[in-house]
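Asker: Structure incoming, see below.
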Amino acid sequence: MTGQHFLTLQLINVFDDRVKHASCMVDNRGRRSIVQSIMNIVSTVSHAGPHRTDDIAGFDSHYVLPGDRSLGILLICDHARNALPEAYGDLGLPASEFDRHIAYDIGVEAVVNGLSQRLGVPAVLSCFSRLLIDPNRGVNDPTLIMQLSDGAVVPGNRDIDEAERRFRLSHFYKPYHRAIDAEIDAAIADGSPPVLISVHSFTPAWKGLVRPWHAGLLWEDDRRCSDLFIQALSADPNLVVGDNEPYAGGLAGDCMNAHAVKRGLPHTLLEIRQDLISDDLGVSQWIERLAVAIEAMIANDQIKDLVQ
Ligand SMILES: [Zn+2]
């Protein structure tokens, strides 16, 4: 029996004794509801941490795909996976919530892997769900560890203390960002400062509004790289390409702000509609489409000219 189950049973036993002595004022339905409340409380407490390094042994925060740095491109994937170390359970959420965009960006890990391989460029990908801690937020952003995400309350994030917040920063968030910095530093040392291309996916509708774009390019102040992509993808008349859509880029301390804007590196954040890359066929079509666009930019030195 786990500590969590033991604690739950103890609380239910205490509750049952109290009910017996209170002349059975609570019927069976009421009892079930109170038992469920106890289980929810215990579940929340047990996920709130702080966790220890032993609890996450064997769980990698990120991985790096090697590539030819002289091509001047670094791919980044903040929301590649919906995974959590076992010690966190499901953060008190129904398992089905981990199939949704609130846990990760559907389809992007396969796209970034395929693109890295096809072009031969390096990539850095995170391995933890954004529900644990969001690598595309600044450390002081109130949504860094989401307590409420698109209608879902996240019990395991509701009452975490400062020690657990620091634990998630040091063991997941920071190692991923250090890996991005290391790739950028290595590329600069090799004489090829990289253009950063961050790949995400978005939902077909948001708050009842249908999003018409197949893809969107997001930027903060420097729109040069986004413009190249918009131009390249718009050559296909069947594609609706958003310019700073489905939302505007630029959030203090987010991934592009921290690694590109602050370091003066050209960049873009590419958003692909998730239903277009939710199966193997869609993934391979988008890998090919993006690879052709990026190869043309490399061949014309357009990408390299951005870093002159
Ligand atoms: Zn994302």
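Asker: Kindly establish whether ARG100 is under 25 Å from LEU270 (Cβ atoms), surrounded by fewer than 19 Cβ atoms within 10 Å (Cβ to Cβ) and among the basic types (Lys, Arg). Show your work before the answer.
Answerer: On the way: under 25 Å from LEU270 (Cβ atoms): yes; surrounded by fewer than 19 Cβ atoms within 10 Å (Cβ to Cβ): yes; among the basic types (Lys, Arg): yes.
Criteria met by ARG100.
Asker: Determine whether the stretch 227-238 contains at least one residue that is within 24 Å of the chain's Cα centre (by Cα) and within 16 Å of the ligand (Cβ to nearest atom).
Answerer: No, because not a single residue in the stretch 227-238 is within 24 Å of the chain's Cα centre (by Cα) and within 16 Å of the ligand (Cβ to nearest atom).
Asker: So, GLY92, is that one more than 16 Å from the ligand (Cβ to nearest atom), surrounded by fewer than 18 Cβ atoms within 10 Å (Cβ to Cβ), outside any helix (DSSP H, G or I) and not aromatic (Phe, Trp, Tyr) or not?
Answerer: no
Asker: May I pose another question? Every residue in the stretch 240-283 that is of a type outside the set (S, T, N, Q), part of a strand (DSSP E or B) and touching a helix residue (DSSP H, G or I) at 6+ places or on another chain (Cβ under 9 Å), please. Give the derivation first.
Answerer: We begin by selecting, within the stretch 240-283, every residue of a type outside the set (S, T, N, Q); these are 240-243, 245-256, 258-267, 269-273, 275-277, 279-283.
Then drop every residue that is not part of a strand (DSSP E or B), which leaves 241-243, 267, 269-273.
Selection gives VAL241, GLY242, ASP243, HIS267, LEU269, LEU270, ILE272.
Asker: If I filter the stretch 83-96 for residues that are under 11 Å from the mean Cα position of the chain (by Cα) and either within 20 Å of PHE202 (Cα to Cα) or at pLDDT below 95 (or both), do I get at least one hit?
Answerer: Within the stretch 83-96 (the criterion being under 11 Å from the mean Cα position of the chain (by Cα) and either within 20 Å of PHE202 (Cα to Cα) or at pLDDT below 95 (or both)), the answer is yes, since at least one residue qualifies.
Asker: Criterion first (more than 16 Å from the ligand (Cβ to nearest atom), within 17 Å of TRP219 (Cβ to Cβ) and out of contact with any Asp or Glu (no Cβ under 6 Å at 6 or more places or on another chain)) does ALA291 satisfy it?
Answerer: On the way: more than 16 Å from the ligand (Cβ to nearest atom): yes; within 17 Å of TRP219 (Cβ to Cβ): no; out of contact with any Asp or Glu (no Cβ under 6 Å at 6 or more places or on another chain): yes.
Considered against the rule, which asks whether it is more than 16 Å from the ligand (Cβ to nearest atom), within 17 Å of TRP219 (Cβ to Cβ) and out of contact with any Asp or Glu (no Cβ under 6 Å at 6 or more places or on another chain), ALA291 comes out as no.
Asker: Any residue at all in the stretch 153-170 that is more than 19 Å from the chain's Cα centre (by Cα), within 16 Å of the ligand (Cβ to nearest atom) and surrounded by fewer than 21 Cβ atoms within 10 Å (Cβ to Cβ)?
Answerer: No, every residue in the stretch 153-170 fails to be more than 19 Å from the chain's Cα centre (by Cα), within 16 Å of the ligand (Cβ to nearest atom) and surrounded by fewer than 21 Cβ atoms within 10 Å (Cβ to Cβ).
Asker: Checking the condition more than 16 Å from the ligand (Cβ to nearest atom) and under 25 Å from ILE277 (Cβ atoms), which residue from ALA215, ALA187, ALA205, ALA182 passes? Show your work before the answer.
Answerer: Values: ALA215 fails: more than 16 Å from the ligand (Cβ to nearest atom); ALA187 fails: under 25 Å from ILE277 (Cβ atoms); ALA182 fails: under 25 Å from ILE277 (Cβ atoms).
Answer to the selection: ALA205.
Asker: Which one of ALA83, ALA110 is assigned by TED's automatic domain parsing to the domain that holds SER226, more than 13 Å from the ligand (Cβ to nearest atom) and in a helix (DSSP H, G or I)?
Answerer: On the way: ALA83 fails: in a helix (DSSP H, G or I).
Going through ALA83, ALA110 in turn, the sole match is ALA110.
Asker: Being of a type outside the set (D, E, K, R), in the same structural domain as VAL112 (by TED's automatic domain parsing) and within 30 Å of LYS262 (Cα to Cα) is true for just one of ALA152, ALA182, ALA205. Which residue is that? Give the derivation first.
Answerer: Values: ALA152 fails: within 30 Å of LYS262 (Cα to Cα); ALA205 fails: within 30 Å of LYS262 (Cα to Cα).
Checking each option against the conditions leaves just ALA182.
The values are calculated or read from the model by the stated rules, or taken from the named source; none is laboratory data. Keep in mind the model is a prediction, meaning the values are calculated, not measured. Heads up, the Cβs are rebuilt from the backbone with ideal geometry, glycines too, and the neighbour counts pull from every protein chain shown.
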